[in-house]
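Quick notes on the structure that follows.
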Amino acid sequence: MKRNWAVKGLKFALFAVLFFTVFSFVVMSLWNWLMPALFGAHLITFWQAVGLLVLCRILFGGSRGGPGRHMFWKHRMAERWEAMTPEEREKFRQGMHGRCGSFGSPAAEPHA
């Protein structure tokens, strides 16, 4: 059983390295094809493409998993909305209307 786990882990690691390598080559190829023609940028090497992918991951995040982690704020806002009195909800709507403009009728309730 333990050996089977090690083999699965090794397969996963090899697949991840292969995927990352192929993805880096795709980024490098697209950059070298498009950026010099469109913007006059210099060609990049494989390792620069890897660095670009890492930089994008740091700056923009991504690959964090399913929608559950990204939508925590929506669940939290729904809980807060349910806890508000009708007067507090109207005050919130008025504050948002002043910032964002009209975004729905006052009778509209958010879906939890």
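Pairs linking a residue in segment 72-88 that is part of a helix (DSSP H, G or I) to a residue that is open to solvent by less than 100 Å² (accessible area, probe 1.4 Å) and not charged (D, E, K, R), with Cβ atoms under 6 Å and 6 or more positions apart or on different chains, are Trp81/Pro110. Here is a list: Ala108, Ala37, Ala83. Which entry is loosely packed, with under 11 Cβ neighbours inside 10 Å, modelled with pLDDT of 90 or more, more than 23 Å from the chain's Cα centre (by Cα) and farther than 30 Å from Phe25 by Cα? Result: Ala83 is the single residue among Ala108, Ala37, Ala83 that is loosely packed, with under 11 Cβ neighbours inside 10 Å, modelled with pLDDT of 90 or more, more than 23 Å from the chain's Cα centre (by Cα) and farther than 30 Å from Phe25 by Cα.
The values are calculated or read from the model by the stated rules, or taken from the named source; none is laboratory data. Everything numeric here is computed off the predicted structure, so don't read it as measured data. Cβ: placed from backbone, ideal geometry, glycine included. Neighbour counts: every protein chain shown. The area values use the complete protein model at the heavy-atom level, side chains included, leaving out ligands, DNA and RNA. Shrake-Rupley method; radii C 1.70, N 1.55, O 1.52, S 1.80 Å.
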